[in-house]
Amino acid sequence: MSVFVFSRPTLLCVIFCICSILLFPEFVTAGVTRHYKFDIRLKNVTRLCKTKTIVTVNGKFPGPRVVAREGDRLVIKVVNHVSNNVSIHWHGIRQLQSGWADGPAYVTQCPIQTGQSYVYNFTITGQRGTLWWHAHISWMRATLYGPLIIYPQHNASYPFAKPHKEVPIIFGEWWNANTEAVINQALVTGAGPNVSDSYTINGLPGPLYNCSAKDTFKLKVKPGKTYMLRIINAALNDDLFFRIANHTMAVVEADALYVKPFETDIIVITPGQTTNVLLKTHHNPQQTTFVMVARPYFTGQGTFDNSTIAGILMYDDDHHNSPPSSSNNISIKNLSIPTLPPINSTSFVSNFTNKFRSLASVKFPANVPRNVDKHFFFTVGLGSNPCPKNQTCQGPTNSSKFAASVNNVSMILPNTALLQSYFFKKSNGLYTSDFPSVPLVSFNYTGTPPNNTNVSNGTKVVVLPFNTSVEVVMQDTSILGAESHPLHLHGYNFYVVGQGFGNFDPKNDPANYNLVDPVERNTVGVPSGGWVAIRFLADNPGVWLMHCHFDVHLSWGLRMAWIVLDGKLPNQKLLPPPADLPMC
């Protein structure tokens, strides 16, 4: 038996350290490992007076909350008990050296097949705030999604007063039909898919929809308190306006990155984005119940779910007669429903998004690349594919199907994961590294569209050396209608250094870039009929998808991939895949 003998000073130091950990755990900064298990199972759920079987995590809709601190390691075992293939994406997580855990099917992994499991293993490095997780295959994320909340380290705090309470608010969409059947039918016919039957707040449609007063999200608050609302847009295909009657909000965070606070009574949020706001409740409210509403922002030419979701803000106040808690039914007939901007109010959206600025402080600097190694100009928008022979299609014409593309390349997903092919040097024609850095044919992008709307189809990537500084200008096009596109980049945050309407002017527009405190995000809305410029440093080796977060556009091919090569140092290299990586 070994006996350890400490000198008196060493013993005192050990005792002091143990006591410090016990008495002051907030000063311990080492991350811990947190284990979760996701069982993918079917569950019957009733909404809008209709019961349907949906795919869930652990029988919950929305799915369970994943909670961690900055520096923690997450080990999440996903077991697939359903007939659908599944993969889970941890939206916004940098996945430094852990690209195998990113989740998009056929990009960083083959999907998890029926009866199989996969352990997502990653460490949260340098991030804190609100993110989310969701399925990343076909339209499975219609029901497979949930919040991913990252608290600061124990010895850190928010750069604002700690709120009284924190509440996730997740917007979603509900289909009475099976969403896999919806998108599969659209891909066969070439038409736009059927739209959702309602929007939801935390899975509930609310009193403005048929038969749904009992299924209303209620946010119960106390007077004179500050609440942090962790707002997530998990809707498949819609940007949303959001407002709470007679209340203002202070925006303090976007995509798990602190921003300079600003006041607003309406927020705009695209699918994929998260926004933290501070809601200060009234000290002496004149009433106890207020309506909150969300409705789409839409500028395209297709059909969309033109409905409004409502929830209730309820004061718990001894000085007023609060609504009886025993009643689940909510009537809003006598309540004021707040107004929202017009559905196509691009000017409001532009003014709102221009308010976002990084803190750019000593503790939270804005490390925007000043010198750019590689410039890219990407057109993003819709197009068409020819209808197969002897078939009538329902796309833009009877002889075409809807498609979508980046630089006119509509990405075809391979039949095995890109990351595996790259890592094991077995591309063998699975992909080519000749993705165009500029459009092969230039035209008046936001003017009269060209007669030929056909896209090219392929699996092309951009290869970047490690630590390359990159600028990407993403230009919306008017082909089949100008439209806002929420572009999400996996594995990275980026700085939004500029945006505008019309065609990007490479001579004059860069002079107006904000290189001092541009907002840092992982998802940005390309303005309808305009452009946005982003910059990032390619410091995370692997294969990273960039795509529109409207799932209909993603299904039509509006996506591309970056391969970032290894650096020279050990911590600059992608690690080998885990032993349980799913096979195709």
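The values are calculated or read from the model by the stated rules, or taken from the named source; none is laboratory data. Because the structure is predicted, anything quoted here is derived from the model rather than measured. Neighbour counts run over all protein chains shown; Cβ positions are idealised from the backbone, glycine included. Note: areas computed on protein heavy atoms with side chains; ligands, DNA, RNA excluded. Shrake-Rupley method; radii C 1.70, N 1.55, O 1.52, S 1.80 Å.
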### Message
I'd like the accessible area for C49: 1.4 Å probe, protein heavy atoms, all chains in place, Å² to the nearest 10.
### Response
80 Å²
### Message
For a Förster distance of 35 Å, can you work out the FRET efficiency between the beta-carbons of D39 and E166, rounded to the nearest 0.05?
### Response
0.85
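Quick check on the chain: helices-only [θ] at 222 nm, where DSSP H runs of length 4 and up contribute -39,500 (n - 2.57) each and the sum goes over total residues. Nearest 500, please.
Working: 5 runs with 46 residues, N = 584.
Estimated from H runs of four or more residues: -2000 deg cm²/dmol.
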### Query
With all protein chains present and a 1.4 Å probe, how do L515, L581 order by accessible area, largest first?
L515, L581
### Query
Tell me, what is the percent relative contact order of the chain, built from C-alpha pairs under 8 Å that lie six or more residues apart?
14 percent
### Summary
So, with points 7 Å from each Cα along the Cβ direction, the K214-N246 label distance in nm works out to 2.9 nm
### Task
Would you kindly state how much longer the chain becomes between D265 and K425 on full extension, computed as 0.36 nm times their sequence separation minus their alpha carbon distance, in nm to one decimal?
52.4 nm
### Query
Each label point is 7 Å from the Cα along the Cα-to-Cβ direction; what then is the distance between the points at N334 and D316, in nm?
2.4 nm
### Query
Just going by the charge dipole of region 237-304, with Lys and Arg at +1 and Asp and Glu at -1 on Cβ, which of T281, F298, T270 is farthest out on the positive end?
T281
### Summary
Along the dipole axis of the chain (charges at Cβ: +1 for Lys and Arg, -1 for Asp and Glu; origin at the Cα centre), the most positive-end residue among G429, F378, L480 is G429
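Would region 489-537 count as rounded, prolate or oblate if I go by the C-alpha gyration tensor, calling it rounded below 1.5 in a/c and otherwise prolate when a/b exceeds b/c, oblate otherwise?
Numbers: a/c = 2.25, a/b = 1.38, b/c = 1.63.
Judged from the Cα gyration tensor, region 489-537 comes out oblate (a/c at least 1.5, b/c at or above a/b).
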### Query
Excluding ligands and nucleic acids, what accessible area in Å² is computed for S345 using a 1.4 Å probe, to the nearest 10?
20 Å²
### Query
Alpha carbon centre of region 287-316 versus region 399-424: separation in Å?
35 Å
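Assuming 0.36 nm per residue, please report the length gained on full extension of the stretch L440 to K389 beyond their Cα-Cα distance.
Values: separation 51, 0.36 × 51 = 18.36 nm, distance 2.76 nm.
Between L440 and K389, full extension yields 15.6 nm more.
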### Task
Would you tell me the accessible area of S433, worked out with a 1.4 angstrom probe on the heavy atoms of the protein chains, in Å² to the nearest 10?
80 Å²
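With a ≥ b ≥ c taken as the square roots of the eigenvalues of the C-alpha gyration tensor of the chain, please select rounded if a/c is under 1.5 and otherwise prolate if a/b is larger than b/c or oblate if it is not?
On the way: a/c = 1.40, a/b = 1.09, b/c = 1.29.
Note, shape of the chain comes out rounded.
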### Message
If I take R0 = 35 Å and measure r between the Cβ atoms of S433 and T125 in this structure, what FRET efficiency does the formula 1/(1 + (r/R0)^6) give, to the nearest 0.05?
### Response
0.80
### Task
Take the alpha carbon atoms of region 491-516, find their center, do the same for region 206-231, and report the distance between the two centers in whole angstrom.
38 Å
### Message
So if I place +1 on the C-beta of Lys and Arg and -1 on the C-beta of Asp and Glu, and nothing else carries charge, what would the dipole magnitude of the chain be about its Cα centre? I want it in debye, nearest 20.
### Response
1020 debye
### Summary
In terms of the alpha carbon gyration tensor, root eigenvalues a ≥ b ≥ c, rounded if a/c is under 1.5 and otherwise prolate when a/b exceeds b/c or oblate, region 210-256 is oblate
## Note on the structure
Between the modelled labels at T226 and K363 (7 Å from Cα along Cα→Cβ) the distance in nm is 1.3 nm
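By accessible area of protein heavy atoms, probe 1.4 Å, what ranking do R370, R69, R535 get, highest first?
Highest to lowest solvent-accessible surface, that is R370, R69, R535.
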### Task
Quick one: go through region 430-468 and flag any residue whose amide nitrogen is under 16 Å from the point 7 Å out along the Cα-to-Cβ line of V372.
437-439, 468
### Message
Computing the accessible area with a 1.4 Å probe over protein heavy atoms, can you report the carbon and sulfur percentage for region 52-163?
### Response
44 percent
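What does DSSP give for the chain in terms of the percent of beta bridges that are antiparallel, rounded to the nearest 5? Before the final figure, lay out each step's value.
Details: 104 of 144 bridges.
Roughly 70 percent of the beta bridges in the chain run antiparallel, per DSSP.
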